[in-house]
Amino acid sequence: MSVRPASAADIPAMLAIYQPYVANTTYSFEYTGPTLEEFTERFYQYTVKYPWLVWEENGEVTGYAYASPMAVRLSYQWSADASIYIREDCHGTGIGRALYTALEEELQQLGYHNIIAIITEENSGSRAFHEKMGYEHIMDLPHIGFKFGRWLGISYYCKRIAEGNPTASPEHWNPASWKTE
């Protein structure tokens, strides 16, 4: 059992974990799950600068967490948007805490100062998880997304992982230099 950097070989497993969230919940605002090609493109687009981590147990990926841009303007470069998806039969096993802790540590080492989590209003489990992980509820945006025939709101959660003024732009993530201890 371990957290490690995600690789291209993990893309099908991560997509399989993500697809039920799209198809069966309002936790993702996507209407249809991405194709393998689209998900692969997303992976390569984000991992240029942001970490993607997987939880592997007995050779099988059962969860993943990743960071992506919080916003596109240069002034936002010290903040990252974090997401986590755990296979349904693995909820409540500590995988999420292990993945998020590793993701937060990696983002801090790379020079990021803030982590944002955007959570749909119906995802009470994710709200509770983020609060336990030290994220502060910042604001709600009601009726911002429409899925499954109804309007849904989102909540922004934030965790400050570094203090002071940045001395440089965040470094690019290099999975080859990731330390497993």
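For the stretch 92-106, list residues with backbone N below 16 Å from a point placed 7 Å from the Cα of MET1 toward its Cβ? Answer for this model: 92-102.
On a per residue basis, the convex hull of the C-alpha atoms belonging to the stretch 1-107 measures out at 104 Å³. The phi-based Karplus calculation (6.51 cos²θ - 1.76 cosθ + 1.60; θ = phi - 60°) puts the 3J(HN,Hα) values of the stretch 147-163 at 8, 6, x, 8, 7, 9, x, 10, 10, 9, 10, 9, 9, 8, 10, 8, 10 Hz, whole numbers, x for Gly and Pro. Convex hull volume of the Cα atoms of the chain, normalised per residue: 124 Å³. If you sort the three axes of the alpha carbon gyration tensor as a ≥ b ≥ c, you get a/c of 1.5 or more for the stretch 75-159 and a/b no higher than b/c, which makes it oblate. Across the stretch 38-44, coupling constants 3J(HN,Hα) worked out from phi with the 6.51/-1.76/1.60 Karplus curve, θ = phi - 60°, read 5, 5, 4, 4, 4, 4, 5 Hz, and Gly and Pro carry x. Distance between the modelled labels on THR35 and SER75, one decimal in nanometres: 3.9 nm (7 Å Cα→Cβ projection). Evaluated with a Cβ-only charge set (Lys, Arg +1; Asp, Glu -1), the stretch 76-181 carries a dipole of roughly 180 debye about its Cα centre, given to the nearest 20.
Sequentially through the stretch 74-80, phi angles give Karplus couplings (6.51, -1.76, 1.60; θ = phi - 60°) of 4, 5, 8, 4, 8, 10, 10 Hz, Gly and Pro residues having no value and appearing as x.
DSSP bridge analysis restricted to the stretch 31-181 gives an antiparallel fraction near 90%, rounded to the nearest 5.
Using C-alpha pairs below 8 Å separated by at least 6 residues, the relative contact order for the chain is 22 percent.
Values quoted throughout were computed directly from the atomic coordinates according to the rules given, and no laboratory measurement underlies them. Because the structure is predicted, anything quoted here is derived from the model rather than measured. Neighbour counts are summed over all protein chains in view; Cβ atoms, including those assigned to glycine, are modelled from backbone coordinates with ideal geometry.
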